[in-house]
Amino acid sequence: MANVVINPRIRGFLCLTSHPTGCARNVQRQVEIAQRTGPGSGIGNALVVGSSAGFGLSSLITSVFGYGAKALGVCFERAGQGEKAGSAGFYNLAEVHRLAAAAGRTVETINGDAYSVAIKEQAIAALKARFGKLDYLIYSLASPKRTDPATGITHSSTLKPIGAPYTSKTIDLDTDQIKPITIATATEADIDNTVKVMGGEDWALWIAALKAADLLADGFRTVAYSYIGPQLTHAIYRAGTIGRAKDHLEATARSLNAELLTSVGGGAYVSVNKALVTQASSAIPVVPLYISLLYKVMKEKGSHEGTIEQIVRLFKTKIGPGVTPTFDDQGRIRIDDWEMAPAVQAAVAALWETVTTENVLEVSDYASFKQEFRSLFGFEVAGVDYQTPSETEAKLG
C-alpha cells in the first residue's frame, strides 16, 4: 500500500497518471444524479461491456443506482501498484463497487480483453452462477485495437477520410494553438481494419454467446453507442473510416433486432449520442475544437448535458423498462437531438468561421474542455485536495 501525491502528466490527448480521489468524486456525482432521477427499480440483471469510463460507466451507474439492477461489468483496466497509480477506469469502478456495497447493490467486474473468447466465457460463468438471465446488455467498448478471436489477427482502427484528403482546422491540445490539419485518404485496408475494430462484429458475438448459454430474458434489450456529428466533421468522421464502422454497427443492430424480436420479444438498438469530452473524442482531430464551441452554445441555451445526464435521459425516454423506443428514419435512437437542433448547429457553424488562437477562450468553452479532460483522470475536480497523498492501490469488490 502506498500513499503518494499524484500530479497530472498530460501529453496531447493522453494523460499518463490518474487521481483515485478525484475519480471517486466523479463517480459519486454520477451516482447522486442516477439515484435522484431514476425510479430505483425496474431492471433485474444487466451486463455492461466497456463499463469503466464514459458512456459505459454512466450506463453501469444508471442501471445499478437508478434502476436497481444487479450488474456485471467488463473492462480492461490497470490496477495501481506501489507508488504507481492505476488507470482512471480502475479507480472509477473501485468507487462504484464501494458505493454499491454500501447501498446493498450487486456489482461485479471482469477485468480483461472483452474481445476474447475467454472473457466471454468468464462472463457467462459469472452470470450463470450469481445473476441469471439478462434484461439488458449495454455495449460501450472503445478501443483502438481488436484481436479477432477466429483468426488471431490484431486489427488497428484509423481515423481517415475516404476518397479525398481532408483539410480543416484543429486545436493543438499541447500548445492551445489553432492550426490547419490535413489527413491523408484511407486505403481499403484502413477501412476494413476500422470496421473490424469498431463495427458490430464483437457485439454480435456477445449476443450469440449469451443466447447459446440461454442467458437472455424475455424482453431482453441491448444497445450500442454511436455518433454522427455535424457537417463540420462529416468528411473525417461519418463519411470516413469510423463512419463505415458505424454503418456496420447499425446494420448489425438491425439484424440483431429482428433475431431478438423473434426469439425473446426483445430488441437491439443503436443510440446516437451527443459529442462529449472523452478520451476517445479528444483523440480525434477537429473534434475538440468543435466540442469547445458546442459547449459554449449549448450552455448558453441551457441544453448542455454530460454523460450521466445523457444516459439517464436515454433510459428514461428511449430504452428503459416499459418505455417504447422511438427511432429516426434509419432506425436509430437519437439522444443527440439537442446537439443537432438547427439553431445550435447554426450558432456553432458561425463561431467556427471566426475562431482563432487569439479569441478561442472568448468565443468557445475551450477552458471547460481542458478542465473536463483533466477531470476524466481525476484532476481539477472540485472539492479534492491534491496536496494530500492518495492511496494508489484499490480493489474491485
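Just so it is clear, none of the values below were taken in a lab; they were calculated from the coordinates. The structure presented is a predicted model; accordingly, all values stated were derived computationally and were not measured. In this analysis, Cβ positions are derived from the backbone assuming ideal geometry, glycine residues included, and neighbour counts consider all displayed protein chains.
General observations
- Computed from label points 7 Å out along Cα-Cβ, the spacing between ARG11 and THR317 is 4.2 nm.
- Selected from ALA129, ALA349, ALA118 as most flexible by GNM, with the chain as the system and alpha-carbon contacts under 10 Å: ALA129
- Considering only the chain, percent of DSSP beta bridges that pair antiparallel, nearest 5: 35 percent
- Within the stretch 331-350, backbone nitrogen closer than 18 Å to the virtual label 7 Å beyond the Cα of ARG254 toward Cβ: 331-334
- Bridge type composition, the stretch 1-109 - antiparallel percent by DSSP, nearest 5: 25 percent
- Relative contact order of the chain, defined on C-alpha pairs under 8 angstrom at six or more residues apart (%): 23 percent
- Sorted peptide list for 368-374, 208-214, criterion being average Cβ within 10 angstrom, highest first: 368-374, 208-214
- Shape of the stretch 45-201, Cα gyration tensor, a/c cut at 1.5: prolate
- Ranking of MET198, MET340 by neighbouring Cβ atoms within 10 Å, starting from the fewest: MET340, MET198.
- Most mobile of SER63, SER271, SER281 in a GNM of the chain (Cα contacts under 10 Å): SER281
- Fluctuation leader among ASN359, ASN257, ASN193 - the chain, Gaussian network, Cα springs under 10 angstrom: ASN359
- Prolate is the label for the stretch 37-100. Its Cα gyration tensor axes, ordered a ≥ b ≥ c, give a/c of at least 1.5 and a/b above b/c.
- Gap separating the Cα centres of the stretch 327-397 and the stretch 174-210, nearest whole Å: 21 Å
- Column: log10 I(q)/I(0), Debye, Cα scatterers of the chain, q = 0.07, 0.10, 0.12 Å⁻¹: -0.31, -0.65, -0.97
- Residue-averaged 222 nm ellipticity for the chain, from DSSP H runs of 4+ at -39500 (n - 2.57), nearest 500: -12000 deg cm²/dmol
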